[in-house]
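Contents: one structure, followed by commentary.
The values are calculated or read from the model by the stated rules, or taken from the named source; none is laboratory data. These numbers were taken from a predicted model, which means no experiment stands behind them. Positions of Cβ are generated from backbone atoms using ideal geometry, with glycine treated the same way; all protein chains shown enter the neighbour counts. When the accessible area is computed, the model is the full protein with side chains, heavy atoms only, and any ligands, DNA or RNA have been set aside. Shrake-Rupley method; radii C 1.70, N 1.55, O 1.52, S 1.80 Å.
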Amino acid sequence: MSAIDIAARTAWGEARGEGLHGMQAVLNVVGNRIAQPGWWGHDIVSVCTARSQFSCWNQTDPNRVALLRVTLVDAQFQQAFDLADQLSRQMLPDITGGADHYYDWRSTKPSWAKNNFYTKTLGHHAFYRIGLKGNSQ
């Protein structure tokens, strides 16, 4: 799989239910992590497939089978692929306010979110910048 394909599958697997903006926001998080390489990786492939970072890639995630089988015939995956292409060319506008993490706000707030900088909520995802204190939501 190419880097664009892996990014598209990540966006589709994490946020296809959130529509175009939701998938874009997930890819923005990938891009923001690439811009600040760290334990979470340094390029599209290492960031998207880092252990326990994007749950759609977890072996036990029910999304994983669908993620590996989806093709460009699926309209949402085609959108994700187009967005991933923009990310790879550094032409994808950031709609997350620089976020490098997110979680589904309908679930229990993870401990990492408690003391980090909240940027915004898009759909069912609350976005954060790790390492910046304050504005916790």
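Return yes when I34 is in contact with an Asp or Glu (Cβ under 7 Å, 6 or more places away or on another chain), modelled with pLDDT of 95 or more and either open to solvent by 40 Å² or more (accessible area, probe 1.4 Å) or not β-branched (V, I, T) (or both) and no when it is not. It would help to see each step written out before you state the result.
Values: in contact with an Asp or Glu (Cβ under 7 Å, 6 or more places away or on another chain): yes; modelled with pLDDT of 95 or more: yes; either open to solvent by 40 Å² or more (accessible area, probe 1.4 Å) or not β-branched (V, I, T) (or both): yes.
Here the answer is yes, as I34 does meet what is asked.
May I ask you to list the residues in the range 49-77 that are in a helix (DSSP H, G or I), farther than 13 Å from A15 by Cβ and not small (G, A, S)?
Within the range 49-77, W57, R64, V65, L68, R69 qualify.
Say we look at the range 78-137 and pick out the residues that are among the hydrophobic types (A, V, I, L, M, F, W, C), open to solvent by less than 40 Å² (accessible area, probe 1.4 Å) and not in a loop (DSSP other than H, G, I, E, B); which of these is nearest to R16 (Cα to Cα)?
Of everything passing the filter in the range 78-137, A80 is nearest to R16 (Cα to Cα).
State whether one or more residues within the range 23-40 are assigned to a loop (DSSP other than H, G, I, E, B) and free of Cβ contacts under 8 Å to residues at least 24 places away in the same chain.
yes
Conditions first: (1) surrounded by fewer than 21 Cβ atoms within 10 Å (Cβ to Cβ); (2) within 20 Å of T119 (Cβ to Cβ); (3) under 12 Å from the mean Cα position of the chain (by Cα). G19 passes all but one, so which condition is the exception?
(3)
Which of the numbered conditions does T71 fail, given that it passes all the others? Conditions: (1) open to solvent by 50 Å² or more (accessible area, probe 1.4 Å); (2) touching a residue at least 40 places away in the same chain (Cβ under 8 Å); (3) not charged (D, E, K, R).
Here T71 clears every test but (2).
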